[in-house]
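The values are calculated or read from the model by the stated rules, or taken from the named source; none is laboratory data. Small disclaimer: the values here were computed from a predicted structure and weren't measured. Backbone-built Cβ (ideal geometry, glycine too); neighbour counts: all protein chains shown.
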């Protein structure tokens, strides 16, 4: 079928999409409407942690759909309870709230922090509601999570913003301390800023931040929507720093491709009252059954060490490209990595790579001078080698074009 035969006009325009329609996916590969295959290093922006259409997700969906899809969040269901128990058993947290997207999970964290701030007023008896976040951060697309984000220009798109968010500089503890007032209730950050350019918070900074927040009786919230669920080589990125946050949010990889997210918290912070938070689909058995299957796969012996090994391998291959083409370097954790290009050629590389023949390569450029790599966590070294060879071919072409 020709692309012109697809009626795409019914879709609301929100982004520039290339003239192709994906019809199938398996592992690291996507196939479009013409039969062309693409090696996919986006994986839905780190959503497909086990690749496209993994067998465990297919099996979980099929089995659960035959039993129960949604009895209403007013009742317990077996997959909801099972996944919540597995998450708390493998983290430092005690309670779980399920939602559908990372933005919803982060919105829940913001609400919980503000509720806690009402219950723990300052010395004047005033509730605390201000949250310190970070420049270049990305927490979602609701009005509150956009306001919490430090993405350039977002303060004007849907102005006025939700008030109460103040931006510090990542890895600079003094900028955090300078923003603390008697209305501050929490500090919220991504352990690795994904949209900001794959910028990790250092172990030293995370430990200093945990010490500061405890001293000032503030909550520490880690947004692990992108960095959680094995992406950094640990099950959760906060574990890289040897700390325990008060609240954590998960999304993307927790559902392995289906809409699922979670907000986890310590028992002493679990202060929601009936009616404070909810959602028609939160904790529905179809999605949480998938989440349980994904978590089980990640916890298989050797899986997370394998992520670390392949992350190191990818890092080494990216550094070889850096040396070969005079690029600016690489950074990241595990299988969330970036190649610093040194000049604004990212969008050009993305387009050339996608249009390669006979096989295309799907890449992401969150900033014009940078490429981000988010492969499936079970990517093979052969698929890394293939991507590197294809990217080298594109870089050679860009060099010739000047």
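Given the residues 35, 44, which is the only one that is in contact with a helix residue (DSSP H, G or I) (Cβ under 9 Å, 6 or more places away or on another chain) and within 30 Å of residue 339 (Cα to Cα)?
Matching residue, one of 35, 44: 44.
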Given the conditions (1) outside the structural domain of residue 267 (by TED's automatic domain parsing); (2) in contact with a helix residue (DSSP H, G or I) (Cβ under 6 Å, 6 or more places away or on another chain); (3) over 23 Å from residue 304 (Cα atoms), report the number of the one that residue 28 does not fulfil.
(3)
Does segment 384-395 contain any residue that is under 25 Å from residue 237 (Cβ atoms) and buried (at least 20 other Cβ atoms within 10 Å of the Cβ)?
yes
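Quick check on my filter: what residues within segment 1-23 are more than 21 Å from residue 373 (Cα to Cα) and surrounded by 11 or more Cβ atoms within 10 Å (Cβ to Cβ)? I'd like the intermediate steps shown before the answer.
We begin by selecting, within segment 1-23, every residue more than 21 Å from residue 373 (Cα to Cα); these are 1-14, 19-21, 23.
Scanning segment 1-23 gives 3, 6, 8, 19, 20, 21, 23.
Do any strands (runs of 3 or more DSSP E) entirely within segment 213-296 hold 1 or more residues that are in contact (Cβ under 8 Å) with a residue 60 or more places away in the chain and out of contact with any strand residue (DSSP E or B) (no Cβ under 7 Å at 6 or more places or on another chain), and if so, which?
In segment 213-296, no matching strands (runs of 3 or more DSSP E) lie anywhere.
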Scanning segment 346-379 for residues that are in a loop (DSSP other than H, G, I, E, B) and either buried (at least 16 other Cβ atoms within 10 Å of the Cβ) or in contact with a strand residue (DSSP E or B) (Cβ under 9 Å, 6 or more places away or on another chain) (or both) gives 356, 358, 363, 369, 374, 375, 376, 377, 378, 379
Might you let me know whether segment 332-343 holds any residue that is more than 22 Å from the chain's Cα centre (by Cα), crowded, with 20+ Cβ neighbours inside 10 Å and either farther than 24 Å from residue 195 by Cβ or modelled with pLDDT of 95 or more (or both)?
yes
